[in-house]
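This report concerns only the one structure given below.
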Amino acid sequence: MEKQRVLVVDDDREIVNAIAINLRNEGYEALKAYDGLQALDIISTQKVQLIILDVMMPKLDGLSTTLKIREEKNIPIIILSAKSEDTDKVLGLSMGADDYVTKPFNSMELMARVKSQLRRYLSLGDVNIGSRSNLLQSGGLCFDLESHTLTVDGELVKLTATETRIVELLMHSPGRIFPAEEIYERVWEAPAYGVENTVMVHIRRIREKIEINPKEPKYLKVVWGIGYKIEKI
Amino acid sequence: MDTKLKKSKPFKVWICFFLAVSILAGLLAIALIALLDSDGVGRGWKDPFLDYRDSVSFKQRTADYFDMMFFLALGSSDSNDLESSKNALDEEGQNIKYCVVNRDSGLILKNIKGDLSSLSNSGKMPVLPEGYKYFWYFDGHKLWVIDDGKPVDIQRMDSGYRDNLLPTERYPAYLAKLAHSQVLLAVKDDLVQNPYGHSSYYQEQQLLSAMGWIYGCLLIFGLLLLAYTIIRRPDKREFDRKLASWSGWMWLEVKILLSLLVLTVSVGVSSDYFGAFDRALNLQLAICPLVLGLWCFYLMLLDLHINGKKFFTHNSINALLTWYRQYEKKYSWHQAMLKRAYGLVAIEAILALLSVLFLITAIEEANAPVLLVAFMIAGAGLYLIYRYLKRYDDTLGDLGRLMDHIELIKNGDMDTRLEAAADADIYPAAQNLNFIQEGMNAAVAEKVKSEHMKVELITNVSHDLKTPLTSIISYVDLLQKEEDLPEHVGDYIKILAHKSERLKNLIQDLFDLSKASSDNLNLNMEQIDLARLIKQTLADMEEPVKASGLTLRCNIPDDPVCIRSDGKKLYRVWENLISNALKYSLTGSRVFIDLTLDGKDAVATIKNTANYEMNFTEEEILQRFVRGDEARTTEGSGLGLSIAQSFTQICGGKFAIKIDGDLFKVELRFTGA
């Protein structure tokens, strides 16, 4: 099988090099660009399966570059930025990026994200998932109502029975916030009393299984002071 | 006026204007008087505009000569008189023909040929040589004035003779003595110069005709000057303003007094009556004060027009008050106020005394004007009291406003200014208060600006720090993956990895804190359950809690404790507080977390026993980069508590730390929603 090509774009050459080394270690082919224009140039001439893009760059910044790429291509884009505010993340994702990693990043985490994005883009493809009615889906999360299995970016996740029921409950209405009591009553089917801790422990375990970085969850989120939810993506 | 100004153009133009108006006004006045003088009884105002023979001067001069001759005929004069009279008449030379005859005394004085005796009592008029059509003739009973053969009606008001009539008409007793006398005085038609003496007739005719010409020339000159002034209006106005500014210095009373003085002099001079020969001169002398009066009036109007209200307010009373205020300024506020009160009492006492004195005098002498003076003094006293009370009332009102304003400043209003009248008693205080306000405003603005800049700097720096740190972490990571490295190198790399991770956390904390204190953090305020939030946080941190070996004693109600806040930020607060407690608690001790309701407020506390001596104050520990243990050996940025405090505050809560021996307590207080 041909090696998958990943384009790394950052005005800091050392960072590009480091990422490239990591990518090669993982078995990908790495292409390098140092500003937005170079990146656009490479994309138009070569076949690229994924782009890691810095935001603050000379000539053409990351967000503008994302917009340009999205005009014609559906390649997964991971944005790399020193800006760690929620608003920056929301902005990046709304521009058409698929993931957002803040600097300084952990190489392992970045590689995991690369892997999951590529898996989703190459082996599955978004199109045929949404059309099946017995699937609950949010972003890369996919719950099969028939087999009661959960896949993250196409990869099967092993869950316990209770965890499966919690995920099924939350996946039924992505974006809705469930208080701990409701989750307990519907999953355990017993009256809830002082259950916050129990529910939280399960949520944390699910998060460790489905999230790449459980400390900064992408899908399963705690709404502090209110409850829990699966993000609607 | 300094010389420089005198030479300037506005001054020249204004002088032209002055001359033009003076001349024209003078001429106008003369013309008006002449017009009103139509009955001829006046003082010969019209003379310069008339034929000499029709002028009052001519008639009066003739009457004077005739009078003189008449008294000669009466025979009451001695030989000296006779000689001087004859000399006076001969001065006229050819211009007169005269004859005085008194057959009783045998006096004959004449310069004509022939005799008048034949005409005595005949009722016939004498026949005079060619060129003498005008003559006066007294035939012993009656006076005739003949002009060109016809008698003139000398009794008419407008004939010009009434005032100059002979004493015979006034004193009929003389007539008996003059029954046999004849007096004749004829005046030459064309007056000529007398080479052997001074002909008064001739000279007066010349003078009056010259006066006519002079008036004409003056009129033209005046009109020309006026036209010039009209063309140079702006210059004239400029000097007008200067004049007004000069006259503005004068008190109103001075202006009025000066004007009255000028008018009095004007009236006095114009009512003075000079001799017949000086009439022409007299005319101008009378006009001069009139014109001066006009200029006084003009200056007053100008002053009023340009200076406006100041025309009235710049008077001696106000000047006195101003002087008194200046005098007051030398003393402290308290002393000035006291002085004012004492001064009022003293003046009132004097005025009361005076008014009583005048009253007694008025009653004793039954004198109305003195009574009026007494009342006026009493009125002045009352007015003074009224002014004082009004001032006192104003000052009290101002004091009230001053206090309100201080209250306003206390409450943080730095923009509203206290307006006070410039002559108010509290004016200096109001001004000073405004200055203080401005100063505080500037200081606050400066502080905000510097704080903002500091935050900006921290944000930028932490941002810039992240880029190289990314490289460091990335390459340390790569190094860690290297195999076949000596063991000690592996250890070094581990240290590098550890420290770069710590640096990363430090930068992130610093960044968060600077954001929080710069108030540009994006908040997502919503209704949350604080009890649930604490439980969630505790559940989330279950593992570190277990690892610490500490016991957590939680007293959190099952019912929701609702507050309005930002859940995510509040989670950071509790995460920091709990990990702080875990880090600095005595091994095996207990950490107490309580949530209670205090009225509407939700109060959450976390208490732990420190594992070291807390030799710092509550304030010190909140200062950035101050850590509980001064050695700074443990992990963490030292910003945990600061971040917790900042986040609590921006989320609408109150954050308090209490240190009691080894007990460390943090209290969070939120207003219930």
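The values are calculated or read from the model by the stated rules, or taken from the named source; none is laboratory data. Given the structure is predicted, the values throughout are model-derived calculations rather than measurements. Positions of Cβ are backbone-derived with ideal geometry, glycine not excepted, and every protein chain shown enters the neighbour counts.
A few points about this structure:
- Hey, B:Asn576 among the polar types (S, T, N, Q), in contact (Cβ under 8 Å) with a residue 24 or more places away in the chain and more than 9 Å from chain A (Cβ to nearest Cβ) or not: yes
- Pairs are defined by a Cβ separation below 7 Å, a sequence spacing of at least 6 or placement on different chains, a first member in the range B:419-438 that is modelled with pLDDT of 85 or more, and a second member that is assigned to a loop (DSSP other than H, G, I, E, B) and not small (Gly, Ala, Ser); the pairs so defined are B:Ala430/B:Leu418; B:Leu433/B:Leu418; B:Asn434/B:Arg417; B:Asn434/B:Leu418; B:Gln437/B:Met414.
- Residues of the range B:379-415 that turn out to be more than 30 Å from B:Ala443 (Cα to Cα) and among the β-branched types (Val, Ile, Thr), as a count: 2
- Checked against (1) away from every other protein chain (no Cβ under 14 Å); (2) buried (at least 16 other Cβ atoms within 10 Å of the Cβ); (3) under 21 Å from B:Asp529 (Cα atoms), A:Val195 meets all criteria but (1).
- Test: residue in the range A:55-70 that is within 14 Å of chain B (Cβ to nearest Cβ), among the charged types (D, E, K, R) and free of Cβ contacts under 8 Å to residues at least 60 places away in the same chain: no
- Residue ID - surrounded by the fewest Cβ atoms within 10 Å (Cβ to Cβ), chosen from residues in the range B:395-417 that are among the hydrophobic types (A, V, I, L, M, F, W, C) and under 24 Å from B:Tyr331 (Cα atoms): B:Met403
- Residue under evaluation A:Val16, criteria (1) within 14 Å of another protein chain (Cβ to nearest Cβ); (2) farther than 24 Å from A:Gly139 by Cα; (3) at pLDDT below 90; (4) within 23 Å of the chain's Cα centre (by Cα), criterion not met: (3)
- Evaluation of A:Asp86 against (1) at pLDDT 85 or above; (2) within 14 Å of chain B (Cβ to nearest Cβ); (3) within 27 Å of B:Gln508 (Cβ to Cβ); (4) surrounded by fewer than 17 Cβ atoms within 10 Å (Cβ to Cβ) (one fails), failing number: (1)
- Residue selected from the range B:507-546 under the condition more than 11 Å from chain A (Cβ to nearest Cβ) and out of contact with any helix residue (DSSP H, G or I) (no Cβ under 9 Å at 6 or more places or on another chain), by the criterion surrounded by the most Cβ atoms within 10 Å (Cβ to Cβ): B:Met525
- Residue check for A:Ile206: surrounded by 20 or more Cβ atoms within 10 Å (Cβ to Cβ), closer than 27 Å to B:Arg572 by Cα and not assigned by TED's automatic domain parsing to the domain that holds A:Val114: yes
- Qualifying position, being assigned by TED's automatic domain parsing to the domain that holds B:Ile23 and either modelled with pLDDT under 85 or under 18 Å from B:Leu27 (Cβ atoms) (or both), among B:Leu304, B:Leu252: B:Leu252
- Filtered residue count, the range B:593-619, keeping only those that are of a type in the set (Phe, Trp, Tyr) and crowded, with 18+ Cβ neighbours inside 10 Å: 0
- Among residues of the range B:310-333 that are assigned to a helix (DSSP H, G or I), those with a beta-carbon under 6 Å from a residue that is surrounded by 11 or more Cβ atoms within 10 Å (Cβ to Cβ) at least six positions away or on a different chain give the pairs B:Phe311/B:Asp303; B:Phe311/B:Leu304; B:Ser316/B:Trp251; B:Ser316/B:Glu253; B:Glu328/B:Ala336.
- Positions within the range A:210-228 being within 12 Å of chain B (Cβ to nearest Cβ) and in contact (Cβ under 8 Å) with a residue 40 or more places away in the chain, in sequence order: A:Val223, A:Ile226, A:Gly227, A:Tyr228
- Residues of the range B:366-380 satisfying the condition of being surrounded by 12 or more Cβ atoms within 10 Å (Cβ to Cβ) and of a type outside the set (A, V, I, L, M, F, W, C): B:Asn367, B:Gly379
For (1) touching a Ser or Thr at 6+ places or on another chain (Cβ under 7 Å); (2) away from chain B (no Cβ under 14 Å); (3) surrounded by fewer than 17 Cβ atoms within 10 Å (Cβ to Cβ); (4) not hydrophobic (A, V, I, L, M, F, W, C), each residue gets a yes or a no:
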site: A:Pro76; (1), (2), (3), (4): no, yes, no, yes
site: A:Ser81; (1), (2), (3), (4): yes, no, no, yes
site: A:Leu91; (1), (2), (3), (4): no, no, no, no
site: A:Asp99; (1), (2), (3), (4): no, yes, no, yes
site: A:Thr102; (1), (2), (3), (4): yes, no, no, yes
site: A:Met108; (1), (2), (3), (4): no, no, yes, no
site: A:Met111; (1), (2), (3), (4): no, no, no, no
site: A:Ser116; (1), (2), (3), (4): no, yes, no, yes
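- Here B:Gln182 meets the list (1) modelled with pLDDT of 85 or more; (2) assigned to a strand (DSSP E or B) almost entirely, failing just condition (1).
- The listed residues are B:Leu465, B:Leu457, and the only one of them that is touching a Leu at 6+ places or on another chain (Cβ under 9 Å) and either in a helix (DSSP H, G or I) or away from every other protein chain (no Cβ under 12 Å) (or both) turns out to be B:Leu465.
- Within the range A:180-187, the presence of a residue that is of a type outside the set (A, V, I, L, M), within 11 Å of chain B (Cβ to nearest Cβ), buried (at least 16 other Cβ atoms within 10 Å of the Cβ) and touching a Phe, Trp or Tyr at 6+ places or on another chain (Cβ under 8 Å) is excluded.
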